[in-house]
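Only one structure is covered here, and it is reproduced in the block below.
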Amino acid sequence: MTTMNHKGDFPIYETHPGMVYLDHAATSHKPDIVTRRTESYYKTSNSSPHRGAYLLSVKSTELYDRGRKEVLDFLGADERYSTVFTKNATEALNLIAQTHVMENVKAGDEICVSIDAHHSVIVPLQLVAKRKGAILKYLYLDRTGTFENDAITAKTKILALPWISNGLGKIHDVKALLKRAHDVGAVVILDGAQAIGHIPIDFAELDVDFFTFSGHKMYAPQGIGGLVAKKELLEAMPPFLTGGDMIEYVTEQTTTYAGVPERFEAGTQNVAGVVGLMAAIDYIKSYGLTKIHEHEMALTSYALEKLKALPFIEIYGPEDISKRGALITFNVEGIHPHDVASLLDEKWVSIRAGHHCTQPLMKHLELSASCRVSYGFYNTIEDIDKFVDAVKYAREVFGYVDVY
Amino acid sequence: MSMYTETIMWHNQSGHNKRPLEGATHVERGNNPNCGDDLSLEVTLENGVIKDAAFSGSGCAISQASISIMIDLIKDKAVMDAKKICDAYLSMVKGESVSEEMVDALEDAQIFEGLSKMPARVKCGTLGWHCLKTVINQL
Ligand SMILES: Cc1ncc(COP(=O)(O)O)c(C=O)c1O
């Protein structure tokens, strides 16, 4: 049981004190430190990075470049790695697909994707596989998040998977999967969107190739995200978007490109986003990921206990709570997930219903939709209680008389 | 105000319009891949009049109640009148203004006016109506 309450750090709760926000996996709310520092950037340091010789441009360049280093430190990534900023995880995943994968995968090669991958992983890889005549294979999971097959073979060139699945809540055994893929010479695309800001991450213990994330799911502003990758992989990659800033020399007919990571960042970048991202990292560090993860595990364990006591709830994802991230997907017998979400909204409880951008997973699990609660550091035991009460209310509206 | 009024819950549960329709002249299937609503509207047309209508399939309460209320409304109506009702309904849920006369004609379907403020649910509440529109437009 946890009695922590950090809503006071988040100004949104001043505006909406009664809100029970349980859609953190879609996007997180922002702590005061993030909104303040972002505003302060515009008031004190706003300028175009990398382009001017004057004071403010130097300042915004410094802030932007410091952001790369802070992301690396936050993930425990050493000098073998580099940060490339993008607007979100989706853009980072498209970047990898269009450059590394496009360049390295040939006809007949295999790209292996975990079936619980987000559409932002699957769709870009589908496009490349089609273009190159490569074969897209899947690692299948059952409703408890257990793998059903092993599709990794000697022909596998790419393995792509979420660190934590946003449709099942499963924390994958990333270390073992990285090893399995590296043993056959494959490169791994690890989608960290639901892991960053939730569990301690230490690249030093792993051999990560590509890691992608979105700032807005880890208390930072919307519009900033990125990838962290081995420099040796980045060095070998052609550009993605092209234009200003990513060049070295441009002549009428030819261009030479900037080095890594600038080569992958075309146009004026989101410095305020990077400032907000650094503030979010500071916020997370001020409590520490161990404490944040413990708090979220306590919420998971409490919510599971409450939900399991209701016979009309079907829960998906691992039984073993240590294999669960900060989200639970479920269905309420007799009520369509969209009706559940709308009825919970009447009680100011915000949850997600639908396919969670994982249609292939839902199809495989033979589910048309599910409900999802997901949470962050600001959520409390009381939020879970209000959520469970709202689920009971939904059953009442649908005419069920439940005895608990 | 709750969208889940007694009328909607009654239509969702009664199932009086959810039945096979022998001798249907038109069948139109509609689905929302986003949430898995998958309903088929069956209609029997005779001399430009909707003699009977029913639906089958599965979906959320909003989608099922809305198609069921629609069926009650359009039964025994001339196709042209059904079309007017259908257009008025689709305007209403988009938040567009609808004449008082047409609002009255929508009867129980007026309950769905609130959908104009629930963008995530508009597709549920219009699924059956789009099936009807397709049937009419094909004539
Ligand atoms: C696991 C996972 N990967 C990728 C994404 C894509 O993130 P974004 O929409 O911020 O690009 C999301 C969130 O929607 C996600 O949950």
Gap separating the Cα centres of the range A:254-332 and the range B:85-139, nearest whole Å: 40 Å
Ascending count of other beta-carbon atoms within 10 Å, so fewest first, for A:Thr251, A:Thr300: A:Thr251, A:Thr300
Selected from A:Pro31, A:Pro238, A:Pro124 as most flexible by GNM, with chain A as the system and alpha-carbon contacts under 10 Å: A:Pro238
GNM result for chain A, Cα springs below 10 Å: residue of A:Tyr375, A:Tyr302, A:Tyr42 fluctuating most strongly: A:Tyr42
Mean separation of Cα contacts under 8 Å, 6 or more apart, over the residue count of chain A: relative contact order %: 23 percent
Whole-Hz ³J(HN,Hα) from phi, Karplus 6.51 cos²θ - 1.76 cosθ + 1.60, for the range A:6-18, glycine and proline x: 10, 4, x, 6, 10, x, 4, 6, 6, 6, 10, x, x
Taking A:Asp183, A:Asp65 and counting other C-beta atoms within 10 Å, the order from fewest to most: A:Asp183, A:Asp65
Ranked list, fewest to most other Cβ atoms within 10 Å of each Cβ, for A:Thr35, A:Thr156, A:Thr254: A:Thr254, A:Thr35, A:Thr156
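In deg cm²/dmol and to the nearest 500, what is the mean residue ellipticity at 222 nm of chain B if only DSSP H runs of at least 4 residues count, each as -39500 (n - 2.57), divided by the residue total?
Mean residue ellipticity, 222 nm, calculated: -13500 deg cm²/dmol.
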Most fluctuating residue given options A:Ala92, A:Ala353, A:Ala236, as computed from a GNM of chain A linking Cα atoms under 10 Å: A:Ala236
Hz values of 3J(HN,Hα) by residue in the range B:107-124 - Karplus curve (6.51, -1.76, 1.60), Gly and Pro given as x: 6, 4, 5, 4, 3, 7, 4, x, 4, 4, 9, 10, x, 6, 10, 4, 4, 5
Tensor-based shape of the range A:164-305 (alpha-carbon gyration tensor, a/c under 1.5 rounded, otherwise prolate or oblate): oblate
Tensor-based shape of the range B:13-139 (alpha-carbon gyration tensor, a/c under 1.5 rounded, otherwise prolate or oblate): oblate
Calculated [θ] (222 nm, deg cm²/dmol) that DSSP helices of n ≥ 4 give over chain A, each run adding -39,500 (n - 2.57): -11000 deg cm²/dmol
Averaged over B:28-34, number of beta-carbon atoms from partner chains that fall within 10 Å: 2
Value in Å of the Kirkwood radius, where chain A supplies the Cα pairs that are averaged: 22.2 Å
Filtered GluC sites (Glu not before Pro), the range A:212-296: DSSP coil and at most 10 other beta carbons within 10 Å: A:Glu252
Interchain or long-range residues, amide H under 5 Å from A:Ala160's placed H: A:Cys112, A:Val113, A:Ser114, A:Ile189
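Over chain B, calculate the relative contact order: mean separation of alpha carbon pairs under 8 Å at least 6 apart, over the residue count, as a percent.
Working: 217 pairs, mean separation 36.8, N = 139.
In percent, rounded to a whole number, it is 26.
Where a number appears in this text, it was derived from the coordinates with a stated rule and is not lab data. On a predicted model such as this, the values are computed, not experimentally measured, just so you know. Heads up, the Cβs are rebuilt from the backbone with ideal geometry, glycines too, and the neighbour counts pull from every protein chain shown.
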